[in-house]
Amino acid sequence: MTTNIEATDLGVSYGEVKVWSGINLKFSEPGLISILGPNGVGKSTLMYCINKILVPTEGNVKIDGEDVSDLSFKDIALKVAYVPQASNETFAMTVMDTVLMGRYPHSGFNVSKEDLMIASKCLKVMQISHLAMRNFNELSAGQHQKVMIARGLAQEPDLLMLDEPTSNLDIYHQMQVMRMLARVAKERGIIVLTICHDLNIASKYSDRVVIFSKGKIFCDGTPKEVITAENISEVYKVKADVTMVEDRPYVLFYDGGFEDE
Amino acid sequence: MKKLHTSGIRKAVSSTRNKMSDIRHHYREKDYSGLSEEEVTIAQYKAHRWSKLVVIIGMLILFVVLVSLLLIVGEYEIDIGTVYSIIWDHIVGNEITADPMADQVVWKWRLPTILTAIGVGVGLAIAGAAMQSMMKNPLADPYTTGISSGAALGATIAMTAGITIINGSYGMIVNAFVFALIPSAFIIALSKFRKPSPAMIILSGIALMYVFNAAQSYMMLVADPNAVAAVYSWTVGSLEGMNWSKVGIMFIFVVLGSCILMWEARVLNAMNSGDSYAKSLGINVDRVRVIILVSVSILAAGIVSFTGIIGFVGLVAPHIARILTGADNRILIPLSALVGACLVMVAHLFVEGFLSFALPVGLITSLIGGPIFMIMIIRQKNEVW
């Protein structure tokens, strides 16, 4: 059974500055969901509200009907995994130890056989079994990202949230990572929520796209419904055109529409 | 009875031998054919863990060698056989057959001093390892963050002015503990509200150290000259003047603090990936930070009250341990403890074996640790600062 995440009239302000308010969102279908929107629009903030890193100023988030603020960090960790944007480990461990860390909410002080099996399966899914004994800080950016996703998967979440998993990656790794995420969502029947900046990558692999703009949800739907020339021009303030590639919208950008013209 | 004894030893030897051959098997014959991809990963991981155990065993051997050396090195010459028979007799409660002077030297002086060295090394190294992982800061230890200075001020107030928060024999330690909590609280506040860089933590620690040192100097200036002499030899960090009851009290604090920090090893691993990630794993980061810094304060108070400030052991030992087995705190913390104990014993051995005069061990550790600290600052990667 897929988990059910529901945000009702959610709002967050940092002091006087309102990030957004009146957010109503529901995630209940398994699949890859991309959150798009300009910088600083509060995409990460939404994720922080879901796993209680941040307490919203208004409204609430419910996981399977239970208010997040009533759940302990551990209860949330059993259902929601989070893959942070940067991977700055001061003291790096091996890849296997790093992935085993994802077992924390499920296991005690020592790792069990089951934990080892789950972690090594996650390495296999991300195609990095050969890196298992390497030190985390010896790896490339693409490999880092795969290790961190494997660590998130080792948590066996119903909802996997990733903060810009494809930033810093070359086009090959961007596509590879998003493909893997789409596949994992389908195979495991989980919701994968990712923040993305590349419209075309998001369009190619996502089942659903949510665009944030100006403190609210601008639009929400399948890539075909949402990624249109009008929406992109409106949200990002750049001239754009949309064509279809492999039956998915593909955005073309033009120089123009800037304020200094 | 005797037979049972040897069979136990034989069993232990044969099981060690089996384990060693396991390790050899994993390293020489990497024949993983017939295993699935997952099984290969698990096999490699297990072999890797065994290799870490070998390092710990090696360090344990060094530890035992150092203890034995320290028992025989000194002005009064006693051979190792006599030393161990004295210790054995005391442990099982036999009548002491050796020369009473030798008994006095070994049981009343050398052994408590060695145990103090071990307690100091273990406690400071574990505190340093935990602080470094918790704050993602390679320069953190109880000394560089001002926690040791706080404890020293608390103890000085008890020694010179006789002012203690609670009465009785624990008065001085409780004073030290309460004052060690001041820098700890400061670190908690900084971590919660400022997202401090490693440099900020260390510099604020040094700033606090100035204040504590000034207050300590003032306490010594206005105090009774006799008390000052006692305090002075203590402030430079010395293993002298320990007896069994003091060692016992110190070990209560060291064992308590160390066990709590060891218990938090997995949490410390997660905190190394950042606060928000640790929270997403279900860890109550704010609470853990308090638990860890209170444990560090317990360790610092228990140690500093008896030996004064012995610097840099807590800083250097975890780095040596990390080079040997990596950053996993479940192994790093026990190995740091062993390395720390060995470091203090080496410094003590240097004083006992090579110098014709008694030098406080704190001077040696600072003399060696200071330059290492400087090298670490210069070689720091830009990302950390």
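Taking the stated definitions as given, is A:I190 under 29 Å from B:N284 (Cα atoms) and among the hydrophobic types (A, V, I, L, M, F, W, C)? So A:I190 passes the test. Scanning segment B:274-294 for residues that are under 27 Å from B:F373 (Cβ atoms) and crowded, with 24+ Cβ neighbours inside 10 Å turns up B:I292, B:L293. Among the residues of segment A:77-109, those identified as part of a loop (DSSP other than H, G, I, E, B), within 30 Å of A:E66 (Cβ to Cβ) and more than 7 Å from every other protein chain (Cβ to nearest Cβ) are A:L78, A:K79, A:Q85, A:G102, A:R103, A:H106, A:S107, A:G108.
Taking segment B:98-112 as the search range and keeping residues that are in contact (Cβ under 8 Å) with a residue 24 or more places away in the chain and among the hydrophobic types (A, V, I, L, M, F, W, C), which one is farthest from B:Y84 (Cα to Cα)? Among those residues, the one meeting the criterion is B:M101. The selection criterion, being facing another protein chain (nearest Cβ under 9 Å) and under 30 Å from A:E6 (Cβ atoms), holds for A:Q155. Within segment A:175-202, residues that are within 23 Å of A:K79 (Cα to Cα) sit with their Cβ atoms under 6 Å from residues that are among the aromatic types (F, W, Y) and part of a helix (DSSP H, G or I), at 6+ positions apart or across chains, in these pairs: A:M178/A:Y205; A:A182/A:Y205.
Output the number of residues of segment B:193-212 satisfying the condition of being closer than 15 Å to B:A152 by Cβ and either assigned to a loop (DSSP other than H, G, I, E, B) or not β-branched (V, I, T) (or both). Please lay out each step first, then the result.
In the first step, residues of segment B:193-212 are kept if they are closer than 15 Å to B:A152 by Cβ; the result is B:205-206, B:208-212.
Okay, now just the ones that are also either assigned to a loop (DSSP other than H, G, I, E, B) or not β-branched (V, I, T) (or both), so B:205, B:208-210, B:212.
Of the residues in that region, 5 qualify.
For segment A:63-76, a residue qualifies if it is surrounded by 18 or more Cβ atoms within 10 Å (Cβ to Cβ) and part of a strand (DSSP E or B), and exactly one does: A:I63. B:T144 satisfies every condition listed in (1) assigned to a helix (DSSP H, G or I); (2) in contact with a Gly (Cβ under 8 Å, 6 or more places away or on another chain) except (1). Among the residues of segment A:54-72, at least one is in contact with a helix residue (DSSP H, G or I) (Cβ under 6 Å, 6 or more places away or on another chain) and at pLDDT below 90. Is it the case that B:A140 is within 30 Å of B:I331 (Cβ to Cβ), within 14 Å of chain A (Cβ to nearest Cβ) and buried (at least 21 other Cβ atoms within 10 Å of the Cβ)? When the stated conditions are applied, B:A140 passes them.
In segment B:316-373, which residues are among the aromatic types (F, W, Y) and either over 18 Å from B:I72 (Cβ atoms) or buried (at least 24 other Cβ atoms within 10 Å of the Cβ) (or both)?
Initially, segment B:316-373 is screened for residues among the aromatic types (F, W, Y), giving B:350, B:354, B:357, B:373.
Once the filter is applied, which keeps residues that are among the aromatic types (F, W, Y) and either over 18 Å from B:I72 (Cβ atoms) or buried (at least 24 other Cβ atoms within 10 Å of the Cβ) (or both), segment B:316-373 yields B:F357, B:F373.
Among the residues of segment A:51-59, is any surrounded by fewer than 19 Cβ atoms within 10 Å (Cβ to Cβ) and part of a strand (DSSP E or B)? Yes, because at least one residue in segment A:51-59 is surrounded by fewer than 19 Cβ atoms within 10 Å (Cβ to Cβ) and part of a strand (DSSP E or B). Scanning segment A:110-145 for residues that are more than 8 Å from chain B (Cβ to nearest Cβ), in contact with a His (Cβ under 8 Å, 6 or more places away or on another chain) and either of a type outside the set (D, E, K, R) or at positive phi (or both) returns A:F136, A:A141, A:G142, A:Q145. Within segment A:27-50, if we keep just the residues that are part of a helix (DSSP H, G or I) and not basic (K, R), the residue that is nearest to A:L199 (Cα to Cα) turns out to be A:S44.
Would it be correct to say that B:V122 is crowded, with 24+ Cβ neighbours inside 10 Å and among the aliphatic types (A, V, I, L, M)? Yes.
In this structure, does A:M175 turn out to be in contact with a helix residue (DSSP H, G or I) (Cβ under 7 Å, 6 or more places away or on another chain) and in a helix (DSSP H, G or I)? Judged against the criteria, A:M175 is a match.
Just to be sure before I move on: is B:A180 surrounded by 14 or more Cβ atoms within 10 Å (Cβ to Cβ), under 19 Å from the mean Cα position of the chain (by Cα) and not polar (S, T, N, Q) in the structure I sent?
Values: surrounded by 14 or more Cβ atoms within 10 Å (Cβ to Cβ): yes; under 19 Å from the mean Cα position of the chain (by Cα): yes; not polar (S, T, N, Q): yes.
Taking the combined requirement at face value, the residue satisfies it.
Only one entry in B:A215, B:A227 is farther than 26 Å from B:I249 by Cα, in contact with a helix residue (DSSP H, G or I) (Cβ under 6 Å, 6 or more places away or on another chain) and in a helix (DSSP H, G or I), namely B:A215. Selection within segment A:119-136: residues that are in a helix (DSSP H, G or I) and among the small types (G, A, S). The member of this set that is surrounded by the most Cβ atoms within 10 Å (Cβ to Cβ) is A:A119. Restricted to segment A:184-261, the set of helices (runs of 4 or more DSSP H) holding at least 1 residues that are more than 24 Å from the chain's Cα centre (by Cα) and either assigned by TED's automatic domain parsing to the domain that holds A:N4 or surrounded by fewer than 17 Cβ atoms within 10 Å (Cβ to Cβ) (or both) comprises A:229-236.
Against the definition (farther than 30 Å from B:L111 by Cα, within 14 Å of chain A (Cβ to nearest Cβ) and surrounded by fewer than 21 Cβ atoms within 10 Å (Cβ to Cβ)), how does B:P225 come out, yes or no?
Details: farther than 30 Å from B:L111 by Cα: yes; within 14 Å of chain A (Cβ to nearest Cβ): no; surrounded by fewer than 21 Cβ atoms within 10 Å (Cβ to Cβ): yes.
It is false that B:P225 is farther than 30 Å from B:L111 by Cα, within 14 Å of chain A (Cβ to nearest Cβ) and surrounded by fewer than 21 Cβ atoms within 10 Å (Cβ to Cβ).
Within the set A:L181, A:L169, the sole residue that is more than 14 Å from chain B (Cβ to nearest Cβ) and modelled with pLDDT under 90 turns out to be A:L169.
Matching residues to (1) within 14 Å of another protein chain (Cβ to nearest Cβ); (2) farther than 22 Å from B:I364 by Cβ; (3) among the aromatic types (F, W, Y):
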residue	(1), (2), (3)
B:T116	no, no, no
B:G119	no, no, no
B:V122	no, no, no
B:K136	yes, yes, no
B:A155	no, no, no
B:V174	no, yes, no
B:I188	no, yes, no
B:S204	no, yes, no
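Condition (residue is modelled with pLDDT of 85 or more and either in a helix (DSSP H, G or I) or exposed (fewer than 15 other Cβ atoms within 10 Å of the Cβ) (or both)) applied to segment B:234-243: is it met by at least one residue? Scanning segment B:234-243 turns up at least one residue that is modelled with pLDDT of 85 or more and either in a helix (DSSP H, G or I) or exposed (fewer than 15 other Cβ atoms within 10 Å of the Cβ) (or both). The residues listed here are B:I147, B:I188; of these, the one that is aliphatic (A, V, I, L, M), within 21 Å of B:V285 (Cβ to Cβ) and buried (at least 21 other Cβ atoms within 10 Å of the Cβ) is B:I147. Hey, could you check segment B:251-266 for residues that are closer than 15 Å to B:G119 by Cα and small (G, A, S) and say which is farthest from the chain's Cα centre (by Cα)? Among them, the one singled out is B:G257.
The values are calculated or read from the model by the stated rules, or taken from the named source; none is laboratory data. None of these values were measured; they are calculated from a predicted model. Glycine also receives a Cβ, built like all others from the backbone with ideal geometry; neighbour counts cover every protein chain displayed.
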